[in-house]
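A short write-up of the structure that comes next.
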Amino acid sequence: MCVSSVAKAAGDAMFTVSAMEHLVATWVVKVWQNRRLGQHAPPWAPDQRHSPNTLFASSFAQGGFGLRIPSPDSYYGVLPASYVMIHRKRGVKIKNLWYDGPALDDHRGRRSPRGGKHAGLWRIRRDPRDRREVFFEDLSGRWHALRWNGLPPEGEVPAFSDARVDELLVEAARRGLAPRDDRDLLPVLLDLLGEHVPVEQWLGRRAEKAAGKRGRAGQAREEQRAQAADRDRHRPRQGIEPIRDTAAEVVPLQRARQVRSAVDADRRRRRERAVPSPMKPPGLLGTGDRERDPFLLPSPDDDGEPDE
(Lines give C-alpha, C1' and ligand atoms only; values in the text may rest on other atoms or scores of the structure.)
Protein backbone atom coordinates (compact mmCIF):
# COMPACT_ATOMS: atom_id res chain seq x y z
CA MET A 1 0.00 0.00 0.00
CA CYS A 2 1.42 3.38 -0.99
CA VAL A 3 1.97 6.23 1.45
CA SER A 4 -0.80 8.36 -0.05
CA SER A 5 -3.34 5.56 0.44
CA VAL A 6 -2.31 5.17 4.08
CA ALA A 7 -2.64 8.91 4.66
CA LYS A 8 -6.05 8.95 2.99
CA ALA A 9 -7.24 5.98 5.08
CA ALA A 10 -6.01 7.67 8.26
CA GLY A 11 -7.86 10.83 7.32
CA ASP A 12 -11.08 8.93 6.59
CA ALA A 13 -10.85 7.13 9.93
CA MET A 14 -10.98 10.38 11.91
CA PHE A 15 -14.27 11.49 13.51
CA THR A 16 -15.18 14.94 14.69
CA VAL A 17 -17.36 15.43 17.76
CA SER A 18 -20.43 16.26 15.66
CA ALA A 19 -19.85 13.32 13.32
CA MET A 20 -19.49 10.89 16.21
CA GLU A 21 -22.63 12.23 17.86
CA HIS A 22 -24.56 11.82 14.60
CA LEU A 23 -23.26 8.28 14.18
CA VAL A 24 -24.30 7.21 17.70
CA ALA A 25 -27.75 8.84 17.35
CA THR A 26 -28.31 7.14 14.00
CA TRP A 27 -27.39 3.73 15.43
CA VAL A 28 -29.71 4.23 18.43
CA VAL A 29 -32.71 5.16 16.24
CA LYS A 30 -32.18 2.66 13.43
CA VAL A 31 -30.82 -0.35 15.33
CA TRP A 32 -31.28 -0.23 19.08
CA GLN A 33 -34.76 1.31 19.09
CA ASN A 34 -35.93 -1.15 16.42
CA ARG A 35 -35.05 -4.32 18.34
CA ARG A 36 -37.91 -6.70 19.04
CA LEU A 37 -39.29 -6.75 22.57
CA GLY A 38 -39.61 -10.41 23.52
CA GLN A 39 -40.64 -11.03 27.14
CA HIS A 40 -41.04 -7.28 27.62
CA ALA A 41 -43.84 -6.97 25.05
CA PRO A 42 -46.85 -4.86 26.12
CA PRO A 43 -49.61 -6.85 27.87
CA TRP A 44 -52.31 -5.45 25.57
CA ALA A 45 -50.59 -6.93 22.49
CA PRO A 46 -48.64 -10.06 23.54
CA ASP A 47 -48.80 -11.69 20.10
CA GLN A 48 -47.78 -8.66 18.10
CA ARG A 49 -44.27 -7.71 17.13
CA HIS A 50 -43.26 -4.51 18.87
CA SER A 51 -40.12 -2.44 19.33
CA PRO A 52 -39.48 0.74 21.30
CA ASN A 53 -40.13 2.77 18.15
CA THR A 54 -43.54 1.16 17.51
CA LEU A 55 -44.55 1.59 21.16
CA PHE A 56 -43.55 5.24 20.96
CA ALA A 57 -45.76 5.69 17.87
CA SER A 58 -48.65 3.78 19.53
CA SER A 59 -48.54 6.04 22.58
CA PHE A 60 -48.82 9.09 20.35
CA ALA A 61 -51.72 7.51 18.47
CA GLN A 62 -53.60 6.80 21.73
CA GLY A 63 -52.88 9.87 23.85
CA GLY A 64 -51.86 12.45 21.29
CA PHE A 65 -48.89 14.78 21.50
CA GLY A 66 -48.97 18.28 22.93
CA LEU A 67 -46.05 20.26 21.57
CA ARG A 68 -44.77 22.81 24.05
CA ILE A 69 -41.96 25.09 22.95
CA PRO A 70 -39.97 26.36 25.92
CA SER A 71 -39.33 30.05 26.30
CA PRO A 72 -35.83 31.34 25.53
CA ASP A 73 -35.74 32.66 29.11
CA SER A 74 -35.62 29.06 30.34
CA TYR A 75 -31.90 29.17 29.58
CA TYR A 76 -31.32 31.66 32.39
CA GLY A 77 -33.41 29.72 34.90
CA VAL A 78 -31.09 26.69 34.90
CA LEU A 79 -27.84 28.63 35.32
CA PRO A 80 -26.06 28.77 38.70
CA ALA A 81 -27.20 31.73 40.79
CA SER A 82 -25.31 34.11 43.07
CA TYR A 83 -26.98 36.49 45.53
CA VAL A 84 -25.09 39.74 45.98
CA MET A 85 -25.44 43.45 46.68
CA ILE A 86 -25.00 46.01 43.89
CA HIS A 87 -21.99 48.28 44.37
CA ARG A 88 -22.58 51.93 43.47
CA LYS A 89 -19.53 52.22 41.20
CA ARG A 90 -18.24 48.74 40.35
CA GLY A 91 -21.45 46.75 39.85
CA VAL A 92 -21.67 43.18 41.17
CA LYS A 93 -18.91 40.76 42.13
CA ILE A 94 -19.52 37.22 40.91
CA LYS A 95 -16.92 34.53 41.63
CA ASN A 96 -14.06 37.05 42.10
CA LEU A 97 -14.82 39.08 38.97
CA TRP A 98 -16.71 42.40 38.73
CA TYR A 99 -19.53 42.94 36.23
CA ASP A 100 -21.46 46.07 35.37
CA GLY A 101 -23.98 47.43 32.89
CA PRO A 102 -26.64 50.11 32.36
CA ALA A 103 -29.32 47.75 33.71
CA LEU A 104 -27.94 48.25 37.24
CA ASP A 105 -28.25 52.04 37.25
CA ASP A 106 -31.71 52.09 38.84
CA HIS A 107 -30.75 49.55 41.52
CA ARG A 108 -27.35 50.74 42.76
CA GLY A 109 -27.19 50.94 46.52
CA ARG A 110 -30.75 49.60 46.88
CA ARG A 111 -31.83 46.41 48.54
CA SER A 112 -33.79 43.78 46.68
CA PRO A 113 -37.42 43.16 47.70
CA ARG A 114 -36.53 39.47 47.96
CA GLY A 115 -37.25 37.81 51.31
CA GLY A 116 -36.28 34.56 52.96
CA LYS A 117 -32.75 33.20 53.04
CA HIS A 118 -31.39 35.78 50.59
CA ALA A 119 -33.38 38.75 51.83
CA GLY A 120 -32.31 42.05 50.33
CA LEU A 121 -29.87 40.49 47.85
CA TRP A 122 -30.08 40.53 44.07
CA ARG A 123 -29.93 37.29 42.09
CA ILE A 124 -27.34 37.09 39.33
CA ARG A 125 -27.03 34.11 36.98
CA ARG A 126 -23.75 33.02 35.38
CA ASP A 127 -22.81 30.46 32.74
CA PRO A 128 -19.68 28.54 33.87
CA ARG A 129 -18.80 27.93 30.21
CA ASP A 130 -18.52 31.63 29.35
CA ARG A 131 -17.53 34.11 32.06
CA ARG A 132 -17.38 37.17 29.82
CA GLU A 133 -20.83 38.17 31.04
CA VAL A 134 -23.46 37.37 33.66
CA PHE A 135 -27.23 37.90 33.64
CA PHE A 136 -29.39 40.12 35.84
CA GLU A 137 -33.19 39.89 36.17
CA ASP A 138 -34.86 43.21 37.00
CA LEU A 139 -38.08 43.67 38.92
CA SER A 140 -40.18 43.42 35.73
CA GLY A 141 -38.76 39.97 34.90
CA ARG A 142 -36.54 41.07 32.00
CA TRP A 143 -33.02 39.68 31.69
CA HIS A 144 -29.99 41.87 31.04
CA ALA A 145 -26.40 40.89 30.23
CA LEU A 146 -23.67 42.45 32.40
CA ARG A 147 -20.19 42.48 30.87
CA TRP A 148 -17.00 41.84 32.79
CA ASN A 149 -15.36 45.12 33.76
CA GLY A 150 -12.02 43.94 32.42
CA LEU A 151 -13.25 43.40 28.87
CA PRO A 152 -12.25 45.71 26.01
CA PRO A 153 -14.84 46.64 23.36
CA GLU A 154 -17.19 43.87 22.27
CA GLY A 155 -15.84 40.85 20.42
CA GLU A 156 -12.11 41.12 21.07
CA VAL A 157 -11.51 38.50 23.78
CA PRO A 158 -12.26 34.77 23.38
CA ALA A 159 -14.58 33.04 25.80
CA PHE A 160 -13.11 31.73 29.04
CA SER A 161 -14.61 29.41 31.66
CA ASP A 162 -14.64 29.08 35.45
CA ALA A 163 -11.47 27.01 35.34
CA ARG A 164 -9.67 29.76 33.40
CA VAL A 165 -10.77 32.33 36.00
CA ASP A 166 -9.18 30.23 38.74
CA GLU A 167 -5.95 30.06 36.71
CA LEU A 168 -6.13 33.82 36.18
CA LEU A 169 -6.35 34.58 39.90
CA VAL A 170 -3.55 32.15 40.74
CA GLU A 171 -1.29 33.66 38.07
CA ALA A 172 -2.08 37.22 39.19
CA ALA A 173 -1.18 36.29 42.78
CA ARG A 174 2.04 34.64 41.59
CA ARG A 175 3.03 37.84 39.81
CA GLY A 176 2.32 39.85 42.95
CA LEU A 177 -0.55 41.82 41.40
CA ALA A 178 -3.11 43.52 43.62
CA PRO A 179 -5.32 45.13 40.95
CA ARG A 180 -7.71 47.89 41.92
CA ASP A 181 -9.54 47.44 38.63
CA ASP A 182 -10.30 44.26 36.69
CA ARG A 183 -8.81 45.87 33.58
CA ASP A 184 -5.40 45.19 35.09
CA LEU A 185 -6.18 41.47 34.85
CA LEU A 186 -6.75 41.54 31.09
CA PRO A 187 -3.05 41.20 30.08
CA VAL A 188 -2.70 38.22 32.42
CA LEU A 189 -5.80 36.61 30.90
CA LEU A 190 -4.50 37.13 27.38
CA ASP A 191 -1.21 35.51 28.36
CA LEU A 192 -3.10 32.46 29.62
CA LEU A 193 -5.33 32.25 26.55
CA GLY A 194 -2.46 32.63 24.13
CA GLU A 195 0.06 30.63 26.15
CA HIS A 196 2.84 33.07 25.34
CA VAL A 197 6.26 31.57 26.13
CA PRO A 198 9.36 33.81 26.31
CA VAL A 199 12.17 33.05 23.90
CA GLU A 200 14.59 32.08 26.66
CA GLN A 201 12.19 29.33 27.75
CA TRP A 202 11.95 27.64 24.34
CA LEU A 203 13.06 24.02 24.71
CA GLY A 204 12.83 22.87 21.12
CA ARG A 205 10.29 21.14 18.96
CA ARG A 206 9.83 18.06 21.15
CA ALA A 207 8.95 20.11 24.24
CA GLU A 208 6.62 22.23 22.16
CA LYS A 209 4.78 19.13 20.92
CA ALA A 210 4.59 17.58 24.40
CA ALA A 211 3.25 20.72 26.05
CA GLY A 212 1.20 21.97 23.10
CA LYS A 213 -1.08 18.99 22.57
CA ARG A 214 -2.66 19.26 26.00
CA GLY A 215 -3.00 23.03 25.65
CA ARG A 216 -4.63 22.76 22.24
CA ALA A 217 -7.07 20.14 23.54
CA GLY A 218 -8.02 22.38 26.45
CA GLN A 219 -8.52 25.37 24.16
CA ALA A 220 -10.69 23.28 21.82
CA ARG A 221 -12.86 22.09 24.71
CA GLU A 222 -13.23 25.64 26.01
CA GLU A 223 -14.20 26.90 22.57
CA GLN A 224 -16.78 24.12 22.10
CA ARG A 225 -18.34 24.95 25.48
CA ALA A 226 -18.48 28.63 24.61
CA GLN A 227 -20.20 27.85 21.30
CA ALA A 228 -22.71 25.63 23.10
CA ALA A 229 -23.41 28.42 25.59
CA ASP A 230 -23.91 30.88 22.74
CA ARG A 231 -26.38 28.53 21.02
CA ASP A 232 -28.34 28.06 24.25
CA ARG A 233 -28.46 31.79 24.84
CA HIS A 234 -29.60 32.75 21.33
CA ARG A 235 -31.96 29.86 20.59
CA PRO A 236 -34.96 31.10 18.56
CA ARG A 237 -38.53 31.04 19.87
CA GLN A 238 -40.09 28.92 17.09
CA GLY A 239 -38.76 25.51 16.25
CA ILE A 240 -35.34 24.12 16.93
CA GLU A 241 -32.14 25.73 15.82
CA PRO A 242 -30.46 23.74 13.05
CA ILE A 243 -27.36 21.88 14.15
CA ARG A 244 -24.16 23.54 12.99
CA ASP A 245 -21.07 21.46 12.43
CA THR A 246 -18.82 23.44 14.75
CA ALA A 247 -16.21 20.69 14.75
CA ALA A 248 -15.63 21.28 11.05
CA GLU A 249 -14.44 24.79 11.86
CA VAL A 250 -10.76 25.23 12.48
CA VAL A 251 -11.17 26.10 16.16
CA PRO A 252 -7.49 26.38 17.17
CA LEU A 253 -6.71 28.64 14.19
CA GLN A 254 -9.69 30.89 14.84
CA ARG A 255 -8.88 31.08 18.53
CA ALA A 256 -5.25 31.93 17.81
CA ARG A 257 -6.28 34.76 15.50
CA GLN A 258 -8.77 36.06 18.06
CA VAL A 259 -6.21 36.00 20.85
CA ARG A 260 -3.60 37.69 18.66
CA SER A 261 -6.00 40.51 17.73
CA ALA A 262 -6.97 40.92 21.39
CA VAL A 263 -3.31 41.17 22.42
CA ASP A 264 -2.62 43.76 19.70
CA ALA A 265 -5.67 45.80 20.71
CA ASP A 266 -4.69 45.72 24.39
CA ARG A 267 -1.15 46.87 23.61
CA ARG A 268 -2.50 49.67 21.43
CA ARG A 269 -4.79 50.90 24.22
CA ARG A 270 -1.92 50.85 26.72
CA ARG A 271 0.27 52.87 24.34
CA GLU A 272 -2.52 55.40 23.83
CA ARG A 273 -2.95 55.80 27.59
CA ALA A 274 0.81 56.24 28.06
CA VAL A 275 1.04 58.91 25.32
CA PRO A 276 -2.29 60.84 25.37
CA SER A 277 -1.24 63.39 22.69
CA PRO A 278 0.70 62.67 19.48
CA MET A 279 4.40 63.42 19.73
CA LYS A 280 5.84 66.16 17.51
CA PRO A 281 8.23 64.62 14.97
CA PRO A 282 11.73 66.08 14.78
CA GLY A 283 12.70 68.36 11.91
CA LEU A 284 14.45 67.13 8.81
CA LEU A 285 18.21 66.95 8.70
CA GLY A 286 19.67 70.33 7.66
CA THR A 287 16.54 72.37 8.38
CA GLY A 288 18.42 74.65 10.80
CA ASP A 289 21.15 75.36 8.25
CA ARG A 290 18.59 76.41 5.68
CA GLU A 291 16.84 78.78 8.06
CA ARG A 292 19.97 80.87 8.79
CA ASP A 293 23.17 81.69 6.91
CA PRO A 294 26.02 79.56 8.35
CA PHE A 295 28.60 82.16 7.13
CA LEU A 296 26.97 85.14 8.88
CA LEU A 297 29.08 86.30 11.85
CA PRO A 298 27.21 87.08 15.07
CA SER A 299 26.91 90.76 16.07
CA PRO A 300 28.82 92.03 19.12
CA ASP A 301 25.54 92.41 21.04
CA ASP A 302 24.55 88.76 20.36
CA ASP A 303 25.08 86.67 23.54
CA GLY A 304 24.51 83.39 21.75
CA GLU A 305 21.06 82.81 23.28
CA PRO A 306 18.12 82.30 20.95
CA ASP A 307 15.51 85.02 20.75
CA GLU A 308 12.34 84.62 22.73
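Does Ser161 qualify as being hydroxyl-bearing (Ser, Thr, Tyr) and over 17 Å from the mean Cα position of the chain (by Cα)? Criteria not met by Ser161. Residues that are modelled with pLDDT of 70 or more and in contact with a Phe, Trp or Tyr (Cβ under 9 Å, 6 or more places away or on another chain) do not occur anywhere in region 3-21. Considering only residues that are more than 20 Å from Gly150 (Cα to Cα) and modelled with pLDDT of 90 or more, look in region 59-105 and name the one that is farthest from the chain's Cα centre (by Cα). If we take residues in region 59-105 being more than 20 Å from Gly150 (Cα to Cα) and modelled with pLDDT of 90 or more, then Tyr83 is farthest from the chain's Cα centre (by Cα).
The residue that is nearest to the chain's Cα centre (by Cα), counting only those in region 22-52 that are modelled with pLDDT of 85 or more and polar (S, T, N, Q), is Thr26. The set of residues from region 126-148 being over 20 Å from Glu222 (Cβ atoms), assigned to a strand (DSSP E or B) and not hydrophobic (A, V, I, L, M, F, W, C) comprises Glu137, His144.
The rows are residues; the columns are (1) out of contact with any Phe, Trp or Tyr (no Cβ under 8 Å at 6 or more places or on another chain); (2) surrounded by 10 or more Cβ atoms within 10 Å (Cβ to Cβ); (3) in a helix (DSSP H, G or I).
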{"site": "Leu23", "(1), (2), (3)": "no, yes, yes"}
{"site": "Trp27", "(1), (2), (3)": "yes, yes, yes"}
{"site": "His40", "(1), (2), (3)": "yes, no, no"}
{"site": "Asn53", "(1), (2), (3)": "yes, yes, yes"}
{"site": "Ser59", "(1), (2), (3)": "yes, yes, yes"}
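When you check Ala220 against the structure, is it assigned to a helix (DSSP H, G or I) and at pLDDT below 55, yes or no? So Ala220 fails the test. For region 39-74, residues that are polar (S, T, N, Q) and touching a residue at least 60 places away in the same chain (Cβ under 8 Å) total 1. Going by what's in this entry, would Ala103 be described as assigned by TED's automatic domain parsing to the domain that holds Asp127 and assigned to a helix (DSSP H, G or I)? When the stated conditions are applied, Ala103 passes them.
The values are calculated or read from the model by the stated rules, or taken from the named source; none is laboratory data. Since we're looking at a predicted model, the values are computed, not measured. FYI the Cβ positions are ideal-geometry reconstructions off the backbone, even for glycines, and counts take in every protein chain you see.
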